[in-house]
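To start, the structure itself, in structure tokens.
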Amino acid sequence: MITSVFKKSTPLNYSLVVILILVFFFMFQIRETSWINSYFTIFQKLSLLCFILASFFMINFIVKKNGLSKDNGYAIFFYLLFILFFPTIFNNPDVIYANFFILLALRRLVSLQSLKASKEKIFDASFWIFVASLFQFWCVLFLILVFISIVFHVSRDYRNWVLPFIALLAVALVFTMISLMFNINAVEFFQKRAVIDFRIDYFKNNYENGALSIYVAVALFFVVSMITTLSNRPQIVHASYKKVVACFFIAALVFIVSPDKSNDLLLFSIAPLTIMAASHIEYVQQKLNNEIVFYVLILCSLFTFFSQL
């Protein structure tokens, strides 16, 4: 039944997903209502909701525009299910903003396979990654994905290897101007963020631990499925899927090395995992198997969401 509903992209699919986002977002926010008394916090909550909605449509654009998914709604539905694993994401502006900029970068890097405007795409992707790192410092590791993309497509032109450093200079100039305007101590700003911490002892309760464990098991299932079936997929999308897999492992590395750990940091891994999950459903033609995958994921996401409220 679920596969039938999302088998085709229709306004109904998008409307359903948007309604569900609104329901779960406000369900999480109304646990405590003190933020309603402040115009600033109301504005912040609404901005978070806008960025979350924009991220959904960005994922949909990436998979459709680059042939990573057929004309269906699987990607946005999976994205919703995976976010529900970690509802505290809804209260983490830095991670939400950073993730949106990483999606902008991923969009440019995946589309690099067309070889059109490659220099502009490399610069844009690098620029957005450095902007994301201002919100979550270790997002700078996604620059590895830029160099992987250069190796795959345009490694012969030495100018492409220089573009990420030009993007760094551009972001540094913008940040310097902003820090001077708002009296931000740039050295202290980065000293607090450029810290490596491998400890994973942040769990506030067993439900957060359980959510992480279930998510890791689900992620392994889809990653292994992608890696083992990649050779059977159309050659034209091999490089794109390899970049998606690399993006997932870089996101895992960002989670591992970041200080002030929380499950929220796994948001960076949700976009590539969503693409792999949607691809798995399309690749496996057995309807019963796909229905089982969907229903198991729905049960897991709802359990982890409500257990953490």
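Please check the chain for the longest run free of trypsin sites (Lys or Arg not before Pro) that are loop-located per DSSP (anything but H, G, I, E, B) and have at most 13 other Cβ atoms within 10 Å. Here the longest segment lacking exposed loop sites spans 205-309. Structure remark: mean-square fluctuation, Gaussian network model of the chain, C-alpha springs under 10 Å; the largest value among 216, 171, 140 belongs to 216. Over all Cα atoms in the range 199-279, the spread is summed up by Rg and Dmax: 14.1, 45 Å.
With q set to 0.10, 0.14 Å⁻¹, the log10 of I(q)/I(0) for the range 158-309, from the Debye formula over equal scatterers at the Cα positions, is -0.55, -0.92. Within the straight-line cut-off of under 23 Å between alpha carbons, the lysines reachable from residue 243 are 64, 65, 70, 116, 119, 121, sequence neighbours fewer than 8 places apart in one chain being disregarded. For the range 142-184, chymotrypsin sites (Phe, Trp or Tyr not before Pro) meeting the loop criterion (DSSP other than H, G, I, E, B) and having at most 15 other Cβ atoms within 10 Å: 158, 182.
Taking 16 Å as the straight-line reach from the Cα of residue 8, the aspartates and glutamates in range (excluding those fewer than 8 positions away in the same chain) are 71, 282, 291.
With Cα atoms defining each centre, the range 263-280 and the range 166-207 are spaced 24 Å apart in the structure.
Build a GNM of the chain with springs between Cα atoms under 10 Å apart, and of 60, 289, 92 the one that fluctuates most is 289. For the chain, the 222 nm mean residue ellipticity estimated from helices alone, with every DSSP H stretch of n ≥ 4 adding -39500 (n - 2.57) and the total spread over all residues, rounds to -24000 deg cm²/dmol. Taking the protein heavy atoms of the chain in the context of the full set of protein chains, the accessible area attributed to carbon and sulfur is 69 percent at 1.4 Å. With the convex hull of its Cα atoms as the shape, the range 241-309 has an orientation-averaged projected area of 5.5 nm².
Helices that extend 18 Å or more along their long axis by alpha-carbon positions and average at least -1.0 on the Kyte-Doolittle scale are, among the DSSP H runs of the chain, 11-29, 39-65, 93-110, 118-135, 159-181, 206-229, 238-257, 267-283, 287-307. If the chain linking residue 228 and residue 37 were pulled fully straight, counting 0.36 nm for each residue of separation and taking away their Cα-Cα distance, it would gain 63.5 nm.
Take the chain with all the other protein chains still there, run a 1.4 Å probe, and you get 48 Å² of accessible area per residue. What the pair-distance distribution of the range 45-201 shows, using all Cα-Cα distances binned every 10 Å from zero, is 10, 33, 36, 19, 2 percent. Here the chain is described by how far its Cα atoms reach on the three principal axes: 57, 55, 38 Å, from widest to narrowest. Using the Cβ of residue 70 as centre and a radius below 14 Å, the other residues enclosed give a net charge of +3, where K and R count +1 and D and E count -1.
In the assembled protein chains, residue 300 presents an accessible area of approximately 30 Å² (probe radius 1.4 Å).
Just the number, please: Stokes-Einstein D of the range 161-225 in µm²/s, Kirkwood Rh from C-alpha pairs, 20 °C, 1.002 mPa s. The calculation lands on 133 µm²/s.
The values are calculated or read from the model by the stated rules, or taken from the named source; none is laboratory data. Quick caveat: nothing in here was measured; it's all calculated off a predicted structure. So basically every Cβ, Gly included, is an ideal-geometry build from the backbone, and we count neighbours across all protein chains shown. In case anyone asks, the SASA skips ligands and DNA or RNA and just uses the protein heavy atoms, side chains included. Shrake-Rupley method; radii C 1.70, N 1.55, O 1.52, S 1.80 Å.
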